[in-house]
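First comes the structure, then the notes that go with it.
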Amino acid sequence: MRPAWILLGVAAVAAGCASVLGIASDTPSFCAQPANQGHAYCEDFDVGDATQRWTYATVSGGAAYTIEPPGLSPPNLLDMTAPTQPGKTSALSGFDVEFDNSTFVGLHIEADVRFVTQGNAPLEANGGFLLIVDKSGGCVGIGLSAAGDGGVPAGIGAQVAQESTACSALTGGNPGMGGSSLTGTVITAAPPPNAWFHLVVVVAPDPTGLPGAGTVSLNIVGQPTSPPVVHLVAGTLVASGIPLVGFAAEVNGVSGPLEVQYDNITIDLRPN
């Protein structure tokens, strides 16, 4: 696999507005269901203006995002696209959620995700779709590497840097263009395109190791094997830092297009 991934409100539903949103009156949206109350962040893109619940959003290089039907949990999903890049160019569509009143004690992130290709083509993108940042420490970008010749499947990997802005233009960086030091780790094969999968990412500081060290684990629910844990060096997860989580379709350098769809995102400020 080429190490070329460059990464990058909870609302209740009243019966009166449920029919307007296309939600059955006896079926609350995902985030309004009792089992999904209490998360630090929950977003199903079904109620109100989801963009007003984001801390920051940006698009560049012909990328775009739309909230559109049909969601895995109806009626809506978030669709983010970044077009093909021929060389030393980039494209980004992304948003982040920043927890300014919290410090970094860990993150538990879950989401339903789908990588979309036209005509069921293989994944051709080298790009990022999930960003984890300690604003006083480092960053972890989760991304794709394209399918290769000879049947090499597309993969999911992590890139880690000890600078909070180094993994993605979403945080003001210029990854891959400015010589920032990124280290990449292969995690697992990517799920097939155009199929929903449930993603669980756990970021945990190491309470017994060096300050700011920790781990990232990624689980695609239903996969027969458990992906390896990514180890983070000291200084990556500074305890006093502010957590930031970003969602994106971001490609830099030579890459095919990337289209990522999200639904039913939850974030908790704890590792488990």
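The values are calculated or read from the model by the stated rules, or taken from the named source; none is laboratory data. Since the structure is predicted, the reported quantities are computational estimates derived from the model, not experimental observations. A quick note on method: Cβ atoms are made from the backbone with ideal geometry, for glycine too, and the neighbour counts reach across all protein chains shown. The protein model used for the area step is the full one, side chains on, heavy atoms only, and it has no ligands, DNA or RNA in it. Shrake-Rupley method; radii C 1.70, N 1.55, O 1.52, S 1.80 Å.
All other residues whose Cβ lies under 14 angstrom from that of Ala213 are scored, Lys and Arg at +1 and Asp and Glu at -1, for a net of -2. When a/c is below 1.5 the answer is rounded, else prolate if a/b is larger than b/c, else oblate, so apply that to the range 34-140 with a ≥ b ≥ c taken from the square roots of the Cα gyration tensor eigenvalues. Taking the square roots of the gyration eigenvalues as a ≥ b ≥ c, the range 34-140 is oblate.
Using the per-residue mean of other Cβ atoms lying within 10 Å as a proxy for protection, in what order, highest first, do the peptides 228-237, 61-70 fall? All intermediate terms of the calculation are to be shown ahead of the outcome.
Working: 228-237: 19.2, 61-70: 15.0.
Averaged packing, sorted descending, gives the order 228-237, 61-70.
Values of log10 I(q)/I(0) for the range 114-161 across q = 0.30 Å⁻¹ run -1.11, by the Debye formula with one identical scatterer at each alpha carbon and no solvent.
Its Cα centre serving as origin, the range 19-148 has a Cβ charge dipole (Lys and Arg +1, Asp and Glu -1) of approximately 400 debye. Rolling a 1.4 Å probe across the protein heavy atoms gives the range 115-272 an accessible surface of 37 Å² per residue. For the range 81-148, the extents of the C-alpha atoms along the principal axes are 44, 29, 20 Å, listed from largest to smallest.
Taken about its Cα centre, the range 93-237 carries a charge dipole of about 180 debye when Lys and Arg each add +1 at the Cβ and Asp and Glu each add -1 at the Cβ. With a Förster radius of 22 Å applied to the beta-carbon distance between Leu210 and His39, the computed FRET efficiency rounds to 0.15.
Of the peptides 89-102, 256-269, how do they stack up when ordered by the mean number of other Cβ atoms within 10 Å, highest first?
Numbers: 89-102: 19.2, 256-269: 22.2.
In descending order of packing, they fall as 256-269, 89-102.
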